[in-house]
Amino acid sequence: MSSSDNADIASGWLGFGADCGLLMAEAAIVAPLRIMRIASGGAPARAEAWRMVAEKVEAQLALAEALATGSFGVRPDRIARGAVRHYLGYVRANRRRLLGARGASARD
């Protein structure tokens, strides 16, 4: 293995760590918003609870398909990063939805 291969692998794992940090930050925003919506009760709470369960099943099935088809590649760092980015997409979409116009940023 060449030094450029080692650098590429190291970069992949560093990117994975950065993506994990982003996922953690986004989830820290989304979780309380969902809890508040569910705690408010009524039809919106029921809809949010059902949506949450349906999204989790959808995300898991889509990830299983991506892993089974090799969409993320074969290197462990790329597979790990692909899985985190997969979930990050769902969490970001929920942040945007739950915050409305306030949830969008220039980076999205």
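Since every read-out is calculated from the coordinates, none of them should be taken as a lab result. Owing to the predicted nature of the structure, the values given are computational and were not obtained by experimental measurement. As a convention, Cβ positions derive from the backbone with ideal geometry for all residues, glycine included, and neighbour counts pool all protein chains shown.
Listing for the model above:
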item: Charge-dipole axis of the chain as Lys and Arg at +1 and Asp and Glu at -1 on Cβ define it, positive-most pick from A59, L99, A83; result: L99
item: Exposure proxy ranking, count of Cβ atoms within 10 Å, fewest first, for S40, S71; result: S40, S71
item: In degrees, nearest ten, helix 42-69 long axis to first principal axis of the chain (Cα); result: 20 degrees
item: Helix 3-39 vs. the chain, principal-axis angle (Cα, 0 to 90°, nearest 10); result: 10 degrees
item: Burial ordering of M1, M52, M24, fewest other beta-carbon atoms within 10 Å first; result: M1, M24, M52
item: Options [x] 16.6; [y] 15.6; [z] 14.3 - which one matches Kirkwood radius over Cα pairs in Å as calculated here; result: [y]
item: Cβ-based exposure ranking for R78, R51, in which fewest neighbours within 10 Å come first; result: R51, R78
item: Unit charges at the beta carbon, dipole of the stretch 3-103: most positive-side option, G41, N6, A27; result: G41
item: Degrees, to the nearest 10: 76-99 long Cα axis against longest axis of the chain; result: 20 degrees
item: Size of charge dipole - the stretch 3-103 - debye, nearest 20, with Cβ of Lys, Arg +1 and Asp, Glu -1, no other charges; result: 560 debye
